[in-house]
Structure formats: C-alpha cells, structure tokens
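Take a look at the structure below.
The values are calculated or read from the model by the stated rules, or taken from the named source; none is laboratory data. Treat the numbers as computed from the prediction; the structure is a model and nothing was measured. FYI the Cβ positions are ideal-geometry reconstructions off the backbone, even for glycines, and counts take in every protein chain you see.
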C-alpha cells in the first residue's frame, strides 16, 4: 500500500467520478483505476461499486476511506510540523465559515496572513451542518460557526463575537420613523429570511417561537447580501445580523431597527477538530484569533 493509492481513493470519494478524480490528481484515468484495483488486490476486498460509471463504495470501501482520510490528515500534520521546525509555517489552510460570518473573516485571516505569509488560505461559505461534517471528514481545517445554538461535537472552540439582529426597512416606510421593533410585531410583516437549512434561520425561527409566532416569509435566500437588497422592495423587510450594517454601513435607502423583546444574540466562534496532535496551521490560526469588537 502506498500513500498515493489512498489519495486517489479520497479524490474519487470527493469527485464521485473517475475522470474528474484523475484530473484532480494530475494523472490519467487508467492510472487512477489501476492504483485503486491494486489497493483492492492488496487488501483482498472490493472497495468500489463498479458499473459503467462510479456509483459508490462497498461497505469495506467506506471503512477504508475513513482510514485513508485519517492517514492523509496525519501525514499533512506531520509535514506542517516539520516545515514549522525547519522554515516556519507554510502550506494551505482551509477555512469554512457560515454565510453571516463571511464579512468578518478578514478580521481573522488578515492578521494570520501577516504573521505567516507563506500560508495560502482557502475560505469557503458553508452551512453550520456542513462545517461540522467537513471538520469530521478532514475536508477543512478550521470552521467559523455558531457555538451555543446547536450542539457541536468533537471540536475545540474559541468565541469571536456575539451575533445580534436588526430589521432592515426602507427609509420612506412608516417603520423607519422608529429605532426599534419587537419580535412579535416583526412577525406580522412581509419578511425576507435565510433558507431553513441555514442555522441563522433556525435561530430566528426559535426567537419567533419564544414569543408565540411562526411567520411565513415572502422571500427566502441563502445569500446574506440578497437579504439586504430585498429590503429595498416596497412593503418588504429583512432580518439580518447586526454586524453587517455595523461593519459595512446600511445600504442606501434603508434603515436598521434594533429588534427587542427579547434582546437576542448567539455566540459565533472558531472551531477545529479535537484531535491530537493538532495540525499546526489550524492551531496557529486559533491561537492568534482575538475577539472581534462589535461596536463602531
């Protein structure tokens, strides 16, 4: 068994297509297929369900795939540790962030890149559920996600800021004459919200349930910036995290009203897998990350 065979197996799991997996590994498709067959011969079990196209892994294949991911992650950690000793941190750090946190990621990655200029960063927009899965499966190194709303497993965490919420409305609306609005009253408006697969939406729904409401939005989106733009539609409003207007200003023609009764917020922070040894890149990012001030 050689490391490349395991890497090809993981690439096939990621791409779910022999030709795409081969391209991702910079080899020919026959080379990839031959390497996986050689691995099957060595282990004495079939790993891939074969047909005219890739359809999945056998039970044995799924088990070997999990081991392969762990082995490759350990090798990557070993390489980072050796690099750190010899010439300082370098390599690629993969970070997944919930969409509502994306505007603030530069507050973390900027200082990190300044301290470790040889490290390349990849930042991905992901749901909180996808971040947990990607951490578990070695697909990302670090996540920025909610810490206290839905249980996190097998991770260590560090808080960065508390996410509060405001309602965006047009400046020429009756609501714009006010500075705040209660959640019960907001529930009866034409709301634009994130889609139900987003934890931010589940948080908002939970707050509405706490005041005995279950509004049906007029528009749903998985883009936080779409929420801002749709608040400009006459008669519509959007609920967004308060950090957006605080850091980037309120979009032209709109006003932000503080949502009250209750005063609600959720903790957002950085997470990485609770494994030993820790990957140096992920550990270093967490170490230098400081709480993000949420006041102007």
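The table for this structure:
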item: Number of the exception - residue 243 against (1) modelled with pLDDT under 90; (2) surrounded by fewer than 19 Cβ atoms within 10 Å (Cβ to Cβ); result: (2)
item: Close pairs (6 angstrom Cβ cut-off, 6 or more residues apart or separate chains): under 16 Å from residue 228 (Cβ atoms) in region 183-197, loosely packed, with under 13 Cβ neighbours inside 10 Å anywhere; result: 190/235
item: Region 207-230: number of residues that are in a helix (DSSP H, G or I) and more than 19 Å from residue 242 (Cα to Cα); result: 2
item: Residue in region 246-296 that is surrounded by the fewest Cβ atoms within 10 Å (Cβ to Cβ), counting only those that are in a strand (DSSP E or B) and within 25 Å of the chain's Cα centre (by Cα); result: 267
item: Of all residues making up region 215-245, the number that are closer than 30 Å to residue 286 by Cβ and over 21 Å from the mean Cα position of the chain (by Cα); result: 1
item: Residue in region 104-122 that is touching a strand residue (DSSP E or B) at 6+ places or on another chain (Cβ under 8 Å), without any contact (Cβ under 8 Å) to a residue 12 or more places away in the chain, surrounded by fewer than 19 Cβ atoms within 10 Å (Cβ to Cβ) and not in a strand (DSSP E or B) present; result: yes
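Per-residue answers, yes or no, for (1) within 15 Å of the chain's Cα centre (by Cα); (2) closer than 18 Å to residue 262 by Cβ; (3) buried (at least 18 other Cβ atoms within 10 Å of the Cβ):
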| residue | (1), (2), (3) |
| --- | --- |
| 133 | yes, no, no |
| 161 | no, no, yes |
| 196 | no, no, no |
| 205 | no, yes, no |
